[in-house]
Every structure is written in C-alpha cells, then in structure tokens.
2 protein chains.
Amino acid sequence: MTHTVRSPVAKKVPTLDAGEASALRLWVILSRAHEAIARHAEADVARHGLTIAEFGIVEALYHVGPMLLGELQRRILVSSGGVTYLVDRLEERGLVKREPCPSDRRARYAALTTEGKKLVARIFPDHARVIERAMSGLTRSDRERAATLLKSLGRAAEALPLSSVKE
Amino acid sequence: MTHTVRSPVAKKVPTLDAGEASALRLWVILSRAHEAIARHAEADVARHGLTIAEFGIVEALYHVGPMLLGELQRRILVSSGGVTYLVDRLEERGLVKREPCPSDRRARYAALTTEGKKLVARIFPDHARVIERAMSGLTRSDRERAATLLKSLGRAAEALPLSSVKE
DNA sequence: TCCCTGTATCTCAGTACTGTGATGCTTACC
DNA sequence: GGTAAGCATCACAGTACTGAGATACAGGGA
C-alpha cells in the first residue's frame with residue numbers, strides 16, 4: 001500500500017490514478033490510526049473485564065437509559081447474534097438486565113442494574129481520560145477538523161451499497 | 001458516547017471537559033468511518049476468498065517483494081501467531097511460499113508464487129477502485145487533509161505506552 | 001568454549017465475535 | 001377472521017484471529 005512504489009513490479013500498476021492513490025493512502029492511515037487508538041481503549045476497558053463492544057453497550061445504556069436490543073445493535077454496530085451474546089454475558093455478570101417492552105411484546109429492553117450503573121460511573125471518567133491521552137497527537141481544534149472530515153467520509157461510505165459480486 | 005447528553009443520568013458525568021469531549025466524539029466518528037470503509041474493503045476482497053489481513057500480506061509482497069515474516073507482522077499489525085496462521089493459509093492455497101533466509105536461520109521469507117502474483121495483478125486495480133468509491137465522501141484534497149491529521153493522530157497514539165494497570 | 005540475553009518463528013488453546021437459519025409475536029391485507 | 005408478511009430475538013456452528021508459552025538460532029562477553 002506504499003504509493004511511492006519502489007519495487008521491481010511497480011510498472012504493473014500504472015493504472016493507479018491520483019484519486020485512487022489518495023484513497024488507498026488514506027485507507028492505510030485511517031486503519032493504523034484506528035488500530036492505535038483502539039489498542040488504548042481496549043487496554044483500558046480490559047482492566048475492568050470488558051471488551052470494547054461490552055463497554056459500548058453499558059456506556060450507551062448509562063447515557064441514554066434502557067434501550068431495545070435492536071437499538072443497541074444499530075448503535076454499536078454488531079450483528080443480531082452479537083447483541084444477544086453480549087447482553088447474555090453482561091447479564092451473567094449482573095451488570096445488565098432484560099425487561100419486557102409494554103408496547104410491543106416482541107421486543108425487550110436492556111437496562112443497567114444498580115451494579116452496572118455503579119461500574120460505569122466508576123470507570124467512565126478514567127476512560128475519557130485514556131481516550132484523550134491517546135488523542136494527544138491532535139490539538140482540540142484539529143480533532144474537530146478531523147471529526148468533520150471523517151463524518152463526511154463515514155456517512156458517504158455507509159450510504160453506499162457494497163459493490164456487488166462480479167464473479 | 002453521545003456528548004450532547006439527554007438522559008436522566010447526565011448530571012453524573014459533569015467531569016467531562018471540552019478536551020475529553022472532543023476526543024470521545026472523534027473516537028466514535030473514527031470508529032464508524034473505519035468500520036464503514038472496512039466493510040467495502042472486506043466485501044471486495046471476500047469476492048476472491050481473502051480476508052483483509054490476507055490481502056494485506058499478498059499486496060505487501062507484491063509491491064515490496066519477499067519479506068521476512070516479522071516485517072510482515074509489523075506491517076499489517078497482527079500478532080506473531082497471526083502471521084504464521086495467515087501465511088499458512090496463503091501457502092495452502094498456493095499463493096505464497098516460504099523461503100529460508102541465508103543470513104539468519106531463524107528467519108524465513110514469505111514470497112508470492114507465480115499464481116499469487118497473477119492474483120494480485122488481477123484484483124488490485126479493482127480493489128483500488130472500490131476503495132476510491134468508498135471514499136467518495138471526500139474530495140481528493142480533503143482526503144489529503146484527513147490523511148495528514150490522522151497520521152499525526154496515529155503516530156502519537158502508537159508511540160504512547162498503553163496506560164498501565166491500576167487495579 | 002560456554003553461557004546468557006535477545007530475537008524469529010511456531011504451536012495451540014481460547015476468545016469474541018459473525019452469519020445463517022429458526023421461532024415467536026405482531027401487523028396488514030385480503 | 002384467517003393468512004401472509006415483517007420484525008425482534010435466539011441458537012448454533014463456524015471463523016479469524018490473539019496471547020502465552022515453546023523452540024531454535026544469533027551474537028556478544030567471560
């Protein structure tokens with residue numbers, strides 16, 4: 001994914017125009033930046049026995065209140081089986097409980113238990129500090145510039161259908 | 001991770017200063033953007049029976065030439081067991097072969113087979129187009145702006161030691 | 001020469017999911 | 001009022017890795 005190619009086979013990819021080159025380069029850099037930040041986030045939540053996805057759930061429930069499992073699924077971007085699995089695990093640990101939805105008997109809420117609320121209240125401030133520290137490579141205004149750009153990028157990519165199978 | 005909080009428990013996190021808020025917000029946006037692009041990349045390489053990590057390996061070998069397994073590991077950011085696993089799989093499919101390193105008998109090179117080279121030559125141009133399409137939310141100059149910002153972000157985060165265990 | 005420390009790769013059990021398909025409840029339309 | 005269609009949830013097999021140790025070699029010093 002180097003785009004200043006120095007290899008003997010470089011001539012074989014002459015079809016790379018400047019737009020493609022900038023896209024590939026950004027893809028590599030985006031991946032590495034995400035990976036680097038994710039490592040910090042993971043290491044932090046792992047200290048409390050949580051994965052990133054599990055933390056995403058309890059944090060969402062903490063800040064939004066009880067949510068339908070389907071809402072959680074869309075929010076933290078996991079598969080349908082994934083939410084079930086994650087909520088099962090959090091329920092076993094006594095951090096989350098399931099509750100019936102009065103208006104739709106198909107659906108169920110996930111909500112934090114008292115213990116779950118205490119846990120999030122205890123670890124969230126530290127987590128925020130860890131993320132800020134991990135992001136210390138950018139000033140606050142650069143973070144906002146980056147956020148603006150990445151928001152456009154993400155929104156467009158989410159809206160775009162995956163390129164269909166050709167073979 | 002909403003930072004304009006609307007929940008009944010919002011008062012419980014008053015310790016979030018503006019720097020932390022911008023960092024958390026960027027973390028969410030970065031994750032979603034990465035996830036959205038990654039879906040396109042995955043869907044594309046999956047058409048050829050490859051994962052992103054496997055594609056990363058053959059692409060690196062294509063553009064750089066034979067590499068030590070350790071070099072590959074650092075380049076595509078997987079664990080040591082991961083490189084072994086990935087190269088094993090690519091070797092089984094006849095895309096990659098291992099070769100001894102003359103100067104160090106512990107080390108081994110991975111190199112593309114003829115078939116591997118043909119595969120990359122065939123799929124890389126399409127892949128570049130898929131990535132560019134996935135990135136169509138940003139103009140070329142915005143991509144470069146984003147790349148500059150993310151490079152700083154990633155470099156700093158990689159250099160920073162993971163926050164140590166406190167309990 | 002013989003350690004001793006460091007590095008490269010491999011092994012393997014374990015993990016955190018994903019994807020497919022089934023099930024049960026609800027709503028909409030005949 | 002029956003039946004089909006649509007969601008939300010669940011069960012389970014499969015997958016792509018990770019992480020911790022084991023093994024083999026390297027290189028410098030006593």
- prompt: Taking the simple approach of a point 7 Å from Cα along Cα-to-Cβ for both residue A:42 and residue B:88, what is their distance in nm?
  reply: 2.0 nm
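How large is the Kirkwood hydrodynamic radius of the range B:85-167, counting all unique pairs of alpha carbons, in Å? Display every interim value, and only then the final one.
On the way: mean 1/r = 0.0586 Å⁻¹.
About 17.1 Å, per the Kirkwood formula over Cα pairs.
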- line: In the protein assembly as shown, taking the dipole from +1 charges on Lys and Arg beta carbons and -1 charges on Asp and Glu beta carbons about the Cα centre, the listed residue (B:28, B:119, B:162) farthest towards the positive end is B:28
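Cα-Cα pairs above 31 Å in the protein assembly as shown: how many percent?
Details: 22372 of 55611 pairs.
Value for the protein assembly as shown (Cα pairs over 31 Å): 40 percent.
What's the exposure ranking of B:109, A:62, going from fewest to most Cβ atoms within 10 Å? Write out the running numbers ahead of the final one.
Numbers: B:109 18, A:62 21.
With the sparsest Cβ surroundings first, the list reads B:109, A:62.
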task: Starting from the exponent 0.38 and prefactor 2.2 Å, build the expected Rg for the range A:22-105 from its residue count and divide its actual Cα Rg by it.
output: 1.32
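Relative to the Cα centre, what is the charge dipole magnitude of chain B, using +1 at the beta carbon of each Lys and Arg, -1 at the beta carbon of each Asp and Glu, and rounding to the nearest 20 debye? List each step's numbers first, then the result.
Values: 27 positive and 20 negative charges, 46 e Å.
Computed charge dipole of chain B: roughly 220 debye.
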message: Can you return the aspartates and glutamates within cross-link range of residue A:151? Criterion is Cα-Cα under 13 Å, with same-chain partners fewer than 8 residues away left out.
response: B:35, B:142
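With 13 Å as the cut-off, how large is the P(r) tail for the range A:66-114, expressed as percent of Cα-Cα pairs? Mind showing how you got there, number by number?
Values: 635 of 1176 pairs.
Cα-Cα pairs in the range A:66-114 separated by more than 13 Å: 54 percent.
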message: Angle check, please: helix A:52-64 long axis (alpha carbons) against the longest principal axis of chain A (alpha carbons), in degrees 0 to 90, nearest 10.
response: 60 degrees
message: Just to check I understand the Karplus step: with θ = phi - 60° and J = 6.51 cos²θ - 1.76 cosθ + 1.60, what whole-Hz values come out for the range A:70-87, glycine and proline as x?
response: x, 5, 4, 4, 5, 5, 9, 6, 10, 6, 5, x, x, 4, 4, 4, 5, 5
- request: Scan around residue A:67 for amide H atoms under 5 Å from its own, H built in the peptide plane at 1.01 Å from N, and keep only partners 5 or more places away or cross-chain.
  value: A:110
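Rounded to two decimals, what is the ratio between the C-alpha radius of gyration of chain B and 2.2 N^0.38 Å?
Rg over 2.2 N^0.38 Å, computed on Cα atoms: 1.33.
Read the figures in this text as sums done on the coordinates, not as results from a lab. Here the structure is a predicted model, which means the values were calculated and not measured. Ideal geometry is used to build each Cβ from the backbone, glycine not excepted, and the neighbour counts take in all protein chains shown.
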